[in-house]
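Asks: Shown below is the structure under consideration.
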Amino acid sequence: MIYLCAISNIRSGVCKEDCKFCTQSVKWGVDIKRYKQKEINEIVKEAKLAKKNKAAGFCLVTSGKDLDDNTLECVCVATKAILKEVDISIIACNGLASKEALKELKKTGVKIYNHNLETSENYYLQICTTHTWQERYVTCENVKSVGLKLCCGGIFGMGESIEDRNSLIKSLKELKPQGVPVNFFIENPRLPLKATWDRKMAIDVIKQIKKEINPQILMLAGGREKVFGNDWIDGLKAGANSIVIGDYLTTKGEKPDKDLEILIKNGYRIANAC
Ligand code: SF4
């Protein structure tokens with residue numbers, strides 16, 4: 001069974017944090033669309049399209065450090081508007097979050113919170129200086145403590161060592177997330193990192209997560225097309241059971257029709273809920 005997830009970037013490119021992998025930080029000046037809030041009608045339209053494309057989950061992402069009051073309000077309004085019209089699991093991805101804010105999301109109908117550890121505790125110091133890995137870990141604990149499902153993974157191929165990868169996977173294992181998104185770093189000339197993945201490493205990472213964590217959902221997320229090209233089904237054969245369909249936060253994805261065709265041709269069934 002394969003789980004499909006679509007993403008909506010409802011606040012784009014306005015973040016003051018300095019994560020070196022992220023095109024949405026204002027610090028790096030990457031040429032992307034920047035806006036404070038996507039129109040609610042537009043978000044609902046995207047959710048309907050995601051449902052039509054067989055997505056089980058629809059993820060509302062906001063660029064920014066945390067789930068502050070303003071962001072909370074914006075995500076709650078969007079969630080209510082979607083759930084009035086579309087039967088789909090809502091995932092929220094809004095940065096560091098307190099238990100109180102997460103409880104509000106849950107009350108509004110959000111099912112899952114996505115917050116990635118990104119990399120190992122040690123290597124995170126090289127990746128971001130404006131907030132800490134420990135703050136991220138605490139947010140993940142908060143998610144679980146309020147009874148939301150946790151989706152938590154990382155980005156591979158940012159120059160980390162094998163020890164860093166093992167350490168990240170060990171930390172993820174401690175958190176026992178229901179979903180683990182696996183991203184591979186996508187280079188941009190304005191970002192200060194070079195991609196260090198290769199296909200073999202990508203397959204090994206998926207196999208290792210499947211073996212050591214075995215989450216309910218192991219998602220092949222950002223970088224799928226870059227790493228695997230048209231052969232991304234190999235990522236599923238290695239143990240992943242979920243993909244992101246449609247566009248990513250600031251980069252174009254494959255056409256959903258094409259992804260669905262490949263999945264069906266390879267005999268996969270599509271889950272209608274997560
Ligand atoms: S906090 Fe989130 S949106 Fe901001 S730079 Fe880091 S990854 Fe990007």
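No value in this document is a laboratory result; all are computed from the given coordinates. What you are looking at is a predicted structure, and each value in this text was computed from that prediction instead of being measured. Glycine also receives a Cβ, built like all others from the backbone with ideal geometry; neighbour counts cover every protein chain displayed.
Asks: Looking at the chain only, what percent of DSSP beta bridges run antiparallel? Nearest 5 please.
Replies: If I count the DSSP bridges inside the chain, around 5 percent turn out antiparallel.
Asks: Kindly flag which residue pairs out of Lys27/Lys149; Lys36/Lys194; Lys54/Lys252; Lys237/Lys265; Lys80/Lys111 have an alpha-carbon separation exceeding 22 Å in this structure.
Replies: Values: Lys27/Lys149 32 Å; Lys36/Lys194 29 Å; Lys54/Lys252 19 Å; Lys237/Lys265 14 Å; Lys80/Lys111 12 Å.
Checking Cα-Cα distances, Lys27/Lys149; Lys36/Lys194 exceed 22 Å.
Asks: Per DSSP H run of n ≥ 4, the term is -39500 (n - 2.57); total these for the chain, divide by its residue number, and report the mean residue ellipticity at 222 nm rounded to 500 deg cm²/dmol.
Replies: The helix-only estimate for the chain comes to -11500 deg cm²/dmol at 222 nm.
Asks: Could you give the nm distance between label points at Ser98 and Lys176, where each point is 7 Å from its Cα heading toward the beta carbon?
Replies: Distance between the two pseudo-spin positions: 2.8 nm.
Asks: I would also like to ask the following. Contour minus end-to-end for Asp31 and Glu187, with contour as 0.36 nm per residue of separation and end-to-end as the Cα-Cα distance?
Replies: That works out to 54.8 nm of additional length.
Asks: I would also like to ask the following. Using 7 Å Cα-to-Cβ label points, what is the Lys200/Met1 separation (nm, one decimal)?
Replies: With each label point 7 Å from Cα toward Cβ, the separation is 3.6 nm.
Asks: Putting +1 on Lys and Arg Cβ atoms and -1 on Asp and Glu Cβ atoms, find which of Val44, Val180, Cys128 reaches farthest to the positive end of the dipole of segment 3-265.
Replies: Ranked along the dipole, the leading option is Val44.
Asks: Let me ask something additional. Place the peptides 134-141, 16-23 in order of packing, highest mean first, counting for every residue the other Cβ atoms within 10 Å and averaging per peptide. Numbers along the way, then the final one.
Replies: On the way: 134-141: 17.0, 16-23: 19.2.
Order by mean packing, descending: 16-23, 134-141.
Asks: Under the 0.36 nm per residue contour assumption, what length would be gained going from the current alpha-carbon distance of Asn166 and Glu141 to full extension? Can you show the working numbers first?
Replies: Working: separation 25, 0.36 × 25 = 9.00 nm, distance 2.02 nm.
This chain segment gains 7.0 nm when fully extended.
Asks: In µm²/s, what is D for segment 3-265 at 25 °C and 0.890 mPa s, where D = kT/(6 pi eta Rh) by Stokes-Einstein and Rh is the Kirkwood radius from Cα pairs? It would help to have the intermediate numbers written out before the result.
Replies: Details: Rh = 18.3 Å.
My calculation gives 134 µm²/s for D.
Asks: Working out 0.36 nm times the residue gap between Asn266 and Gln126, then minus their Cα-Cα distance, what length gain in nm do you get to one decimal?
Replies: 46.4 nm
Asks: Can I ask one more? Could you sort 252-259, 171-178 so that the peptide with the highest average Cβ count within 10 Å comes first and the rest follow in order?
Replies: Working: 252-259: 14.9, 171-178: 17.4.
Final packing ranking: 171-178, 252-259.
Asks: Please report Lys99, Lys200 as a ranked list, fewest other C-beta atoms within 10 angstrom at the top and most at the bottom.
Replies: Lys200, Lys99
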